[in-house]
Amino acid sequence: MQIHIQAINFRLTNDLRELIERRLEFGLGNRGEHIQRIIVHLSDINGPRGGVDKCCHISVILPHLQNVIIEDTETDIFIAIGRAVDRATRTVSRRLERHANRRRTSKSPNPIPMSDDSQAL
């Protein structure tokens with residue numbers, strides 16, 4: 001599982017990078033074999049003016065499935081990251097479960113056709 005983190009109008013410190021990687025590994029690590037790449041964009045929309053403007057955009061690239069894209073905007077970047085990672089974890093888990101269920105259903109054996117003799121009973 002590859003994790004790419006980018007910051008726009010925002011200073012990305014090593015501590016913040018490690019926090020994001022830990023949260024993603026904790027939330028999605030058990031699904032890592034199904035995830036090709038995770039891209040995280042952090043941005044400060046209003047810059048120094050403040051307000052509800054810290055944005056965390058997470059894209060989870062799943063091979064052979066639709067990508068999961070989550071965005072959360074808060075006043076605190078740590079809250080935005082936490083909420084976005086939680087939502088991404090739930091969405092990826094749900095999408096992978098649905099895909100596995102569809103595969104199981106489509107692979108179920110066809111019923112054995114009854115012969116004319118067995119219908120007479």
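None of the figures in this text is laboratory data; all of them are computed from the coordinates on show. On a predicted model such as this, the values are computed, not experimentally measured, just so you know.
Okay, here's what the table says:
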read-out	value
Relative contact order [Cα under 8 Å, 6+ residues apart], the range 1-50, whole percent	66
Whole-angstrom Cα spans of the range 2-85 along principal axes, big to small	41, 25, 18
